[in-house]
Amino acid sequence: MARIANAAALAAYRKQQRALRPAERKAIAVCAGTGCKAFGGLEVFEAFRAALDAHGLAKTWDLRATGCHGFCERGPLVLFFPEGRLYQRVKPEDVEEIVTRTLLGGEVLERLLYQDPVTGARHEKEHDIPFYRHQRRLVLAQNGQIDPTSLDDYLVLGGYGGLVKALGMDPAAVVAEVKRAGLRGRGGAGFPTGVKWEICRAAQADQRYVICNADEGDPGAFMDRSVIEGNPHLVLEGMLIGAYAIGASQGHVYIRQEYPLAVERLELALAQARALGLLGQDILGSGFSFDVHVSRGGGAFVCGEESAMIASLEGRRGVPRRRPPYPAAQGLHGKPTNINNVETWATVPIILEKGADWFAAIGTAGSKGTKIFSLVGKVNNTGLVEVPMGITLREIVEVIGGGIPGGKAFKAVQTGGPSGGCLPAEKLDVAVDFDSLVREGAMMGSGGMIVMDEDTCMVDVARYFLGFLKFESCGNCTSCRDGLEQLHALVTDIAEGRATSGTLDLLEELAETIRATSLCALGTTAVNPVQSTLRYFRHEYEAHIRDGRCPAKVCKALIHFSINDKCTGCTLCAKNCPQKCITGERKALHVIDQARCIKCGICRDVCKFAAVDVQ
Amino acid sequence: MSAQAVIDPAELDEVLARHPQGQPAGLVNLLHDLQAAFRYLPEQALERAAEHLGLSSAEVYGVATFYEGFHLKPRGEHICTVCMGTACHVRGAARLLEQAERDLAVRAGQTTPDLRFTLEQVNCVGACALGPLVILDGKYHGSMAPDRLSRLLGKLSDKKGSK
Amino acid sequence: MSIRLWIDDREVLAEPGERILEVAQRQGISIPTLCHHPALPVLGACRVCLVEVQQGKRREITTACNTLVQEGMRVATDTAEVRGHRAMNLELLRARAPEAPAVRELATQLGVARSRFRPPAQNPLPNCILCELCVRACAHLGHHALAAVGRGDKKRIGLPHNRPAEACVGCGSCLSVCPTRCILLKETATTRTIWGQTFELVRCKSCGAPVMTEAQRAHAIRTKQLPEDHDDTCELCKQSAASQRLASVVW
């Protein structure tokens, strides 16, 4: 591939590539995202390759391994273009039949279509499935269509068009366009992106940096991973536009080391962009020069905080520092630095391409555009969903997510990652936007959305998040390091039945000091899980303390297992008990030795007769 | 023979040569490359890294122990990682970890004395739809259950027979 | 150009780049702190020097040691809320360092007679409050022997790889800046033991009093290109020698 000298040459190259693959051309897109891969997506891809070869169809059908389509729950997913037909839970042994009956015979294989768990209806087209139908996909739009290892795929769909447009504008006008679009940072706090750029651009300096925060640390969030793995050039194009607007010549992507595939895809995209002249000196003949370096994080949640990330990029311990000075004035190596997260950068090319007005028409007054959520936990349709801002939690959980599995009752939805909040059923009609969520004691965060059902204990949830955060605290501030450890100990006391009537008071008093006096956002928001569960589920705490009872039957110290008379004496529980503390004759009622039982619950899982009770 | 003695000095030189000298900003990336070469960060490698980048041993040690991704002790032949992300947690990840702890007779973060297995936990790998998730030697196993995990671990430990 | 702000309703002038704590101290307004040393980089670890800061519409509780002064800022150093949060952080520190006099005194002043918390699970150096003054002093003096190790509730202070370090010269500066005096130092007539390492002491050639460790002297001679006989005399004898020299030139 030769270096492309200017915008006209890029347009010519794009035209040439488009001619090679007309839109009506038949294509098979096998999802090779992390979820589908784990379900055997690559084996399905290989099976297709072999079957297409065997049937002499390799020239009539394009076969692509794409990034994440979002509907991870039903993987491996296979999409057929141009119809948009979706087959789900495809196994390699299905492929031969798909080729002969669907590709050659034009027949639809009912059993591979998505079936609505509630209505039982089958849907043939991807866009008819409720999971997809209610989404508005901008950032994820191309994920199911392009091979993320192919720059040409991206160019055919109009890629780098936003950059071309930006390079034709004055940098200040690019900033103004992003400001006018009302884009707010997708990483957590929701700071207006254009304003952030403007401040950084205004700082006097010989060198400025842009950083892409891909240190997606919130457990339960994987949208950034999927965007980089599925469409790396979109992120890169956003960074290029931002760098041009701000006047930065060097960029960094700070990416989690737990995401090896994303690192690989990104490195490949950078090499492709360099080869084509979309990175490097004098990009597209505009005089603008820029390059990007990939840095792997070391595995520290706190490095998602801007000043800690900069410390890590400088080779130091990821300890946040007091701001001001803000990174926009004194950031990486003391130079003005602008940090945005993956989803924010990936939204920028769309704004440039379609215009600020088009973008600002989506969403609410204060929160424009779309937001990607990872909808996970106790929900039928697990996966990545991109929705317009302002949609209600109910629409996401019940319509897109398809409700709670196993006929269980919804209890809470946790948004905003470990330092977010848990909202109860009566808040399901809250609009999902930056300000509404904060008002209710939760937050947007980077977009994790964890659904919890009646079997989830909110005290256990609070304890879980505190355990995570005390481990992830950098350890600098007394209030965060020691405060979270003590808060965790107090919640553990409650979960284990040791708490007294004074425990909740001390808990609340301590939580307030941690919130008010810690240096960075990790500490100041770390108490949200406790404060929000206390706000909406105080009765669960009280049941643990006053009655020594865990209503969800989760907290081990407060429950015990016993075998009822439905027991048929099949001995399965006794065989599987890790403690060997279940005794009983074959075909006779079995008994659990309470003194030795560790309450692992395996007996209850394996019992086919619902004979194990938990109280 | 101590585990410290087995690192290949030529390989160490080769990794260091890929990183510019005297640039402390490259520390985290250098540590990643050293760990990729030796599967953990031997003391000798940390000392050489310090020298190479112009840092003190204390600074390098402080950084290496700060980040969860770095291992200062030799790791097992097989690595079993239990995802403890939120989605996996609400789907019962704690029970998987307990099962693995029982089966391998080590606690999370430890390596069996025969260096066959290391048991680790991770705070989400972003494969939440697969939860609860266990990663065995880099391969993702979704919708895991304690008994299935036991069988998988059993299969691995039988493979070469314990020494 | 000076910055004008108010501390406890007193109008105060400061220079750009100054922080609240130093400006207040200059005005004779005392703010309690455990992890601050004017000669060392600011860390903001102990969270005791809390003050209330009003800047425009924004009001927050923050640490005085690392907050830059700004025009028009209003600082209150002794509100009920400030005292309450200081007390809670001291109660946390009291659980970590129950025998440290400095912590006990400050806590008692703020009404924390005892801590309601248990000692932290990981506390390998008893009474250490993890303020890193020792690490900062050691680095500032060019030794870089001590490290902040680990993170979160497992953070600790120590030497790399938990064994005696060549970089340590046994100067004891770590102990001299330690607010809780938790670092163990033992001296005999001829040796000093600190951080698990024993150092030979240099004795004053005129009076025989211990001056410093041999390693410390060697480090100074090497890094500052000093003569070999540098620092073989104690401060007291140096002073008396100087005054004798002075006396000899008086006519």
Would you jot down the residues in region C:159-194 that end up with at least 40 Å² less accessible area in the complete protein assembly than in the chain alone, with a 1.4 Å probe? C:160, C:161
So in the protein assembly as shown, what percent of DSSP beta bridges are antiparallel if you round to the nearest 5? 65
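Nearest 20 debye, what's the magnitude of the dipole of region A:451-529 about its Cα centre given +1 on Lys and Arg Cβ and -1 on Asp and Glu Cβ? Numbers along the way, then the final one.
Numbers: 5 positive and 13 negative charges, 73 e Å.
The calculated dipole for region A:451-529 is roughly 360 debye.
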Pairs beyond 24 Å (Cα-Cα), from A:37/A:608; C:186/C:238; B:73/C:155; A:91/B:139: A:37/A:608; C:186/C:238
Got a number for the accessible area of residue A:87? Probe 1.4 Å, square angstrom, nearest 10. 0
Send over the per residue convex hull volume for chain A, Cα only, as a whole number of Å³. 163
How much length is gained on full extension from residue A:271 to residue A:572, taking 0.36 nm per residue of separation minus their Cα-Cα distance? 102.7 nm
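So for A:562, C:176, what's the accessible-area order with a 1.4 Å probe, most first? Please report the intermediate quantities before stating the final value.
Values: A:562 35, C:176 85 Å².
Ranking A:562, C:176 by accessible area, largest first, yields C:176, A:562.
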Could you tell me the total accessible area buried at the C-B interface, probe 1.4 Å, in square angstrom to the nearest hundred? 1000
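Rg/Rh for region A:319-409 to two decimals, with Rh computed the Kirkwood way over all alpha-carbon pairs. Kindly include the intermediate steps, with their values, before the conclusion.
Numbers: Rg = 18.4 Å, Rh = 16.2 Å.
Answer for region A:319-409: 1.14.
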Can you tell me the mean projection area, over all orientations, of the convex hull of region B:3-66's alpha carbons? Units nm², please. 3.8
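May I ask you to work out the translational diffusion coefficient for region A:370-453 at 20 °C, viscosity 1.002 mPa s, via Stokes-Einstein with Rh from the Kirkwood sum over Cα pairs, reported in whole µm²/s?
Numbers: Rh = 12.2 Å.
Answer from the Stokes-Einstein relation: 176 µm²/s.
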Using the reciprocal of the averaged 1/r over all distinct C-alpha pairs, how large is the Kirkwood radius of region B:17-110 in Å? 15.1
What number comes out for the charge environment of residue A:251, summing +1 per Lys or Arg and -1 per Asp or Glu over other residues with Cβ under 11 Å away? 0
Could you compute the FRET efficiency for residue A:60 and residue A:125, with r as their C-beta to C-beta distance and R0 at 22 Å, rounded to 0.05? 0.55
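Treat every Asp and Glu Cβ in region B:3-66 as -1 and every Lys and Arg Cβ as +1, leave all other atoms uncharged, and give the resulting dipole magnitude about the Cα centre to the nearest 20 debye. Display every interim value, and only then the final one.
Values: 3 positive and 9 negative charges, 33 e Å.
Once rounded to the nearest 20, the dipole reads 160 debye.
Compute for region C:133-249: radius of gyration divided by Kirkwood radius, i.e. Rg/Rh, restricted to C-alpha atoms, rounded to two decimals.
Numbers: Rg = 16.7 Å, Rh = 15.8 Å.
My calculation of the ratio gives 1.06.
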May I ask for the Rg/Rh ratio of the protein assembly as shown, computed from Cα atoms with Rh as the Kirkwood radius, given to two decimals? 0.99
Per residue, accessible area of chain A with a 1.4 Å probe, heavy atoms of protein chains only, in Å², comes to 35
Which one, A:120, A:562, C:39, projects farthest toward the positive side of the charge dipole computed for the protein assembly as shown from Cβ point charges (K/R +1, D/E -1)? A:562
Starting from the Kirkwood radius over alpha-carbon pairs of region C:189-237, derive D by Stokes-Einstein at 25 °C in a medium of 0.890 mPa s and give it in µm² s⁻¹. 219
Distance between modelled label sites at residue A:96 and residue C:15, nm, 7 Å Cα→Cβ extension: 8.4
What the Cα atoms of region A:14-133 span along the principal axes, largest first and in whole Å, is 46, 31, 29
When the accessible area of the protein assembly as shown is computed with all protein chains present and a 1.4 Å probe, what percentage of it is carbon and sulfur? 52
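Could you work out, residue by residue across C:42-51, how many beta carbons of other chains sit within 10 Å of that residue's beta carbon, and then give the average as an integer?
Values: counts 2, 6, 8, 7, 4, 15, 2, 0, 4, 0.
Average per residue, whole number: 5.
Above 20 angstrom, tally the Cα pairs of region A:560-614 and express them as a % of all pairs, no decimals. Before the final figure, lay out each step's value.
Numbers: 100 of 1485 pairs.
More than 20 Å apart: 7 percent of the Cα pairs in region A:560-614.
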Each label sits 7 Å from Cα toward the beta-carbon; between residue C:125 and residue A:19 the label points are separated, in nm, by 7.2
Over its alpha-carbon atoms, region A:427-469 yields an Rg and a Dmax in Å of 12.0, 30
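If you average over every viewing direction, what projected area does the convex hull of the Cα atoms of region A:458-547 give, in nm²?
Details: hull surface 19.4 nm².
Dividing the Cα hull surface by four gives the mean projection, 4.9 nm².
Starting from the Cα coordinates of region A:130-195, work out the convex hull volume and express it per residue in Å³. Present the calculation step by step, with values, prior to reporting the outcome.
Numbers: hull volume 8.7 nm³, N = 66.
Convex hull volume per residue, Cα atoms: 133 Å³.
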Most mobile of B:119, B:152, B:31 per a Gaussian network model of chain B (Cα springs, under 10 Å)? B:152
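Using the C-alpha atoms of region C:139-189, what convex hull volume per residue, in cubic angstrom, is computed?
On the way: hull volume 5.7 nm³, N = 51.
Dividing the Cα hull volume of region C:139-189 by its residue count gives 112 Å³.
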Kindly provide the Kirkwood hydrodynamic radius of chain B in Å, to one decimal, from all pairs of distinct alpha carbon atoms. 17.2
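Taking both sides together, what accessible area is buried at the A/B interface, probe 1.4 Å, expressed in Å² and rounded to the nearest 100?
On the way: alone 24480 and 9250 Å², together 30060 Å².
By this definition, chains A and B bury close to 3700 Å².
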Chain A, relative contact order in percent, only Cα pairs under 8 angstrom and at least six apart counted: 12
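Any idea of the total accessible area buried by the C-A contact, 1.4 Å probe, rounded to 100 Å²?
Values: alone 14510 and 24480 Å², together 36080 Å².
Summing both sides, the interface buries roughly 2900 Å².
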What distance in nm lies between label points placed 7 Å from Cα along the C-beta direction at residue A:426 and residue B:102? 4.1
Set the Förster distance to 41 Å, then compute FRET efficiency between residue A:134 and residue B:139 from the Cβ-Cβ distance, nearest 0.05. 0.75
Given the alpha-carbon gyration tensor of region C:1-156, what are the semi-axes of its equivalent ellipsoid in whole angstrom, ordered largest first, with each equal to the square root of 5 times an eigenvalue? 29, 20, 12
Over the alpha-carbon set of region A:408-525, work out the extent along each principal axis and list the three values in angstrom, largest first. 37, 33, 22
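Using +1 on the beta carbon of Lys and Arg, -1 on that of Asp and Glu, and nothing else charged, what's the dipole of the protein assembly as shown about the Cα centre, debye to 20? Provide the component values of the computation, followed by the final result.
Working: 120 positive and 114 negative charges, 199 e Å.
That gives the protein assembly as shown a dipole magnitude of about 960 debye.
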What helix-only [θ] at 222 nm does chain A give? Using -39500 (n - 2.57) per DSSP H run of at least 4, over all residues, to the nearest 500, the answer is -11000 deg cm²/dmol
Just to check I understand the Karplus step: with θ = phi - 60° and J = 6.51 cos²θ - 1.76 cosθ + 1.60, what whole-Hz values come out for region C:76-82, glycine and proline as x? 10, 9, 9, 8, 4, 5, 4
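The values are calculated or read from the model by the stated rules, or taken from the named source; none is laboratory data. As the structure is a computational prediction, the values presented were derived from the model and not from experiment. Don't worry about glycine lacking a Cβ; one is built from the backbone with ideal geometry, like all the others, and counts go over all protein chains shown. Accessible surface is based on the protein model in full, side chains and every heavy atom, while ligands, DNA and RNA are left aside. Shrake-Rupley method; radii C 1.70, N 1.55, O 1.52, S 1.80 Å.
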